[in-house]
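Read the structure below first, then the notes.
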There are 2 protein chains.
Amino acid sequence: MDGTHAIGVDVGGTKILAGVVSRAGDVIRRHEIMTPLASQAALIAGLEDAVAAVRGDAVGAVGFGLPAPIDQRSGSVVQAVNIPLADVELRDELRTRIGLPVALANDAQAAAIGEWRAGAGRGVGDLVMLTLGTGVGGGLVLDGKPYRGATGAGGELGHVVVVHDGPPCQGTCTGRGHLETVASGRAATEAARKAFGPAADAHRLIRLADEGDEAAREILERIGGYVGSALGSFVNVFNPELIVIGGGFGIAAWDYLLPSAERVMRREALRPGRDHVQIARAELGTAAGLIGAAFVGFDALDVA
Amino acid sequence: MDGTHAIGVDVGGTKILAGVVSRAGDVIRRHEIMTPLASQAALIAGLEDAVAAVRGDAVGAVGFGLPAPIDQRSGSVVQAVNIPLADVELRDELRTRIGLPVALANDAQAAAIGEWRAGAGRGVGDLVMLTLGTGVGGGLVLDGKPYRGATGAGGELGHVVVVHDGPPCQGTCTGRGHLETVASGRAATEAARKAFGPAADAHRLIRLADEGDEAAREILERIGGYVGSALGSFVNVFNPELIVIGGGFGIAAWDYLLPSAERVMRREALRPGRDHVQIARAELGTAAGLIGAAFVGFDALDVA
């Protein structure tokens with residue numbers, strides 16, 4: 001327990017990735033399990049198991065990146081869209097079970113911190129990160145520090161409205177036409193099923209696009225357009241130097257999403273913001289969330 | 001020139017309001033002119049005239065609130081959507097003409113600063129302001145200080161996409177389905193003309209609603225719905241304590257816009273953010289921008 005390493009845990013709607021990370025951001029060891037979705041108790045037990053599978057003597061703290069807004073005042077999750085967590089004081093619960101300092105972050109915020117400290121965003125003062133995975137998450141670094149809003153629950157960039165009164169959002173979200181509804185891996189799977197039958201999914205959609213299938217490429221181009229509308233809004237709101245795109249779907253479909261996303265973004269964005277913003281693919285790949293969660297864990301250790 | 005007062009100038013697409021403001025935020029004297037829209041030279045001369053009309057011995061600085069993103073590094077306006085300003089180093093130009101310290105701010109950002117320091121947002125750490133006027137502007141106070149993005153051009157909350165691939169935006173903005181396109185005073189005028197003929201405008205629309213006209217009320221309710229989509233996005237992104245609605249149209253149509261805006265906002269917003277956000281009407285009314293611009297002027301004086 002000498003604190004040279006922290007465990008980062010990236011909790012997704014599909015799988016949980018746990019890893020031991022050095023202070024330089026190197027992943028020493030990692031472990032992956034399917035996300036237990038049956039109940040809140042099963043999920044929390046899964047988080048504990050994932051930590052136990054990689055834990056070693058050098059680990060001083062654990063950071064969790066969760067697909068939910070976090071209330072940092074109480075360390076609790078009030079509502080999660082894609083996993084069974086609600087009204088739970090998760091930080092205290094996990095600290096008791098694990099016996100180490102524990103910190104919570106939103107998963108995409110963790111990814112943004114990972115890319116900012118050890119990836120594509122090193123040295124950047126104003127950064128917007130969008131993670132296109134099962135759902136869509138967002139992370140913000142503003143004026144040189146992570147930004148999470150008044151009580152830690154801001155930065156939910158996947159839940160901006162891009163289609164007013166549009167299709168209903170997922171799970172417990174009551175919104176309509178949110179970016180997540182039209183541009184997530186899940187949305188890609190739905191579109192793939194409509195076009196190619198019930199066995200298709202986002203992975204197959206990308207493979208078909210790789211093989212030159214025009215219909216598959218058009219679906220991904222259309223999704224990229226929605227991403228571009230949101231990115232244009234973010235440029236007008238945040239005037240960032242850099243936008244980083246991550247998440248499993250975003251990284252895998254990058255070549256097909258980027259051209260329409262960038263074209264629409266530059267149409268929607270005002271000058272001078274649109275003239276100096278850059279878009280980059282997450283350098284840490286799908287490990288960004290895990291590495292960022294570990295950095296959040298180190299922060300908890302260093303103030304403890 | 002003893003600096004007990006500053007002049008604030010609120011530059012709109014329709015009129016320019018100049019006022020002498022005390023350090024407590026009281027407006028001592030004010031003057032209003034129509035905005036000269038014929039050329040950039042005419043507009044700049046109009047700004048100088050408006051200042052001259054209220055200038056007195058106690059005035060130490062002038063702050064301008066402009067309907068444009070400001071590049072604070074050079075004090076320049078690169079692009080304005082509703083007034084003839086482009087690629088002009090306006091801060092230096094006005095300082096030379098006026099002979100006093102000059103500061104520039106985006107007009108809605110100035111209104112947000114006014115409400116935050118002397119109006120509905122006193123003591124609030126995270127505040128979003130939306131000004132519904134001829135166009136739609138936005139101002140942000142995050143973590144207890146005004147936020148404008150990497151180079152000062154952020155906070156353009158009127159130019160978030162609420163209808164992907166929707167109707168084209170105004171003037172030099174190349175975007176589509178921006179909030180400004182569907183929820184400004186100008187959008188209300190367009191809708192009023194469609195429903196009530198070419199002589200109708202936003203003012204008449206509100207008067208008809210006051211008289212109980214159902215069609216007029218429905219138009220305003222629909223506009224309120226668009227505002228609600230944007231507000232829901234802002235809650236998810238910023239997790240603010242308070243949203244302040246100002247601007248001439250927003251204040252005049254408040255009773256008709258608020259119910260649908262608040263209903264849709266709470267539908268679009270995730271918990272816990274939606275549970276603790278409040279919406280308030282601008283307390284300083286249409287003087288918010290003028291008063292906030294004066295505060296920005298005082299700041300320039302105090303660091304000079």
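Looking for something in contact (Cβ under 8 Å) with a residue 24 or more places away in the chain and open to solvent by 20 Å² or more (accessible area, probe 1.4 Å) - is there at least one such residue anywhere in the range B:207-220? Even if it seems obvious, please write down each step before you answer.
Keep residues of the range B:207-220 that are in contact (Cβ under 8 Å) with a residue 24 or more places away in the chain, which gives B:209, B:216-217, B:219-220.
Now restrict to residues that are open to solvent by 20 Å² or more (accessible area, probe 1.4 Å): B:217.
Yes - at least one qualifying residue is present in the range B:207-220.
Only one of A:A50, A:A38 is in a loop (DSSP other than H, G, I, E, B), more than 22 Å from A:G119 (Cα to Cα) and free of Cβ contacts under 8 Å to residues at least 60 places away in the same chain. Can you tell me which?
Numbers: A:A50 fails: in a loop (DSSP other than H, G, I, E, B).
Selected residue: A:A38, the only one of A:A50, A:A38 that is in a loop (DSSP other than H, G, I, E, B), more than 22 Å from A:G119 (Cα to Cα) and free of Cβ contacts under 8 Å to residues at least 60 places away in the same chain.
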Inset, instruction - Report whether or not A:R271 is modelled with pLDDT under 95, within 24 Å of B:C169 (Cβ to Cβ) and either within 14 Å of chain B (Cβ to nearest Cβ) or open to solvent by 40 Å² or more (accessible area, probe 1.4 Å) (or both). - result: yes
Inset, instruction - Please find, among A:G228, A:G289, the residue that is surrounded by 19 or more Cβ atoms within 10 Å (Cβ to Cβ), more than 16 Å from the chain's Cα centre (by Cα) and assigned to a helix (DSSP H, G or I). - result: A:G228
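Restrict the check to the range B:203-223 and report whether at least one residue is closer than 27 Å to B:V163 by Cα and in contact with a Gly (Cβ under 8 Å, 6 or more places away or on another chain).
Here is the first cut: in the range B:203-223, the ones closer than 27 Å to B:V163 by Cα are B:203-206, B:209, B:214-223.
Within this subset, residues satisfying the condition of being in contact with a Gly (Cβ under 8 Å, 6 or more places away or on another chain) are none.
No, the range B:203-223 contains no residue that is closer than 27 Å to B:V163 by Cα and in contact with a Gly (Cβ under 8 Å, 6 or more places away or on another chain).
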Legend entry - Checking B:E262 against (1) acidic (D, E); (2) touching a residue at least 40 places away in the same chain (Cβ under 8 Å); (3) within 30 Å of A:G139 (Cβ to Cβ), the condition it does not meet: (2)
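For the range A:101-131: of the residues being out of contact with any strand residue (DSSP E or B) (no Cβ under 7 Å at 6 or more places or on another chain) and more than 20 Å from A:S233 (Cα to Cα), which is surrounded by the fewest Cβ atoms within 10 Å (Cβ to Cβ)?
By that ranking, first place goes to A:G123.
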Inset, instruction - Just one of (1) assigned to a loop (DSSP other than H, G, I, E, B); (2) within 19 Å of the chain's Cα centre (by Cα); (3) farther than 30 Å from B:G60 by Cα trips up B:A200, so point out which. - result: (2)
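With the requirement that a residue be within 17 Å of the chain's Cα centre (by Cα) and either assigned to a strand (DSSP E or B) or surrounded by 18 or more Cβ atoms within 10 Å (Cβ to Cβ) (or both), what does the range B:4-33 give you?
Restricting attention to the range B:4-33, the residues satisfying the condition of being within 17 Å of the chain's Cα centre (by Cα) are B:8-19, B:32.
The answer is B:G8, B:V9, B:D10, B:V11, B:G12, B:G13, B:K15, B:I16, B:L17, B:A18, B:G19, B:E32.
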Inset, instruction - Using the structure shown, decide if B:L301 is open to solvent by 10 Å² or more (accessible area, probe 1.4 Å), under 28 Å from B:A18 (Cα atoms) and within 14 Å of another protein chain (Cβ to nearest Cβ). - result: no
Legend entry - Matching residues in the range A:164-181 - criterion: being more than 8 Å from chain B (Cβ to nearest Cβ), open to solvent by 20 Å² or more (accessible area, probe 1.4 Å) and not in a loop (DSSP other than H, G, I, E, B): A:P168
Legend entry - Residue that is most open to solvent (accessible area, probe 1.4 Å) [pool: residues in the range A:187-197 that are without any contact (Cβ under 8 Å) to a residue 60 or more places away in the chain, away from chain B (no Cβ under 14 Å) and part of a helix (DSSP H, G or I)]: A:K194
Legend entry - Residues located in the range A:132-163, provided they are more than 8 Å from chain B (Cβ to nearest Cβ), out of contact with any Asp or Glu (no Cβ under 7 Å at 6 or more places or on another chain) and open to solvent by 10 Å² or more (accessible area, probe 1.4 Å): A:G133, A:T134, A:G144, A:K145, A:P146
Inset, instruction - Take the residues in the range B:238-255 that are open to solvent by 10 Å² or more (accessible area, probe 1.4 Å) and part of a helix (DSSP H, G or I), then tell me which one is nearest to the other protein chains (Cβ to nearest Cβ). - result: B:F249
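The values are calculated or read from the model by the stated rules, or taken from the named source; none is laboratory data. Given the structure is predicted, the values throughout are model-derived calculations rather than measurements. Cβ coordinates were reconstructed from backbone atoms using ideal geometry, including for glycine residues, and neighbour counts include every protein chain displayed. These area figures cover heavy atoms from the full protein model, side chains too; ligands, DNA and RNA do not enter into them. Shrake-Rupley method; radii C 1.70, N 1.55, O 1.52, S 1.80 Å.
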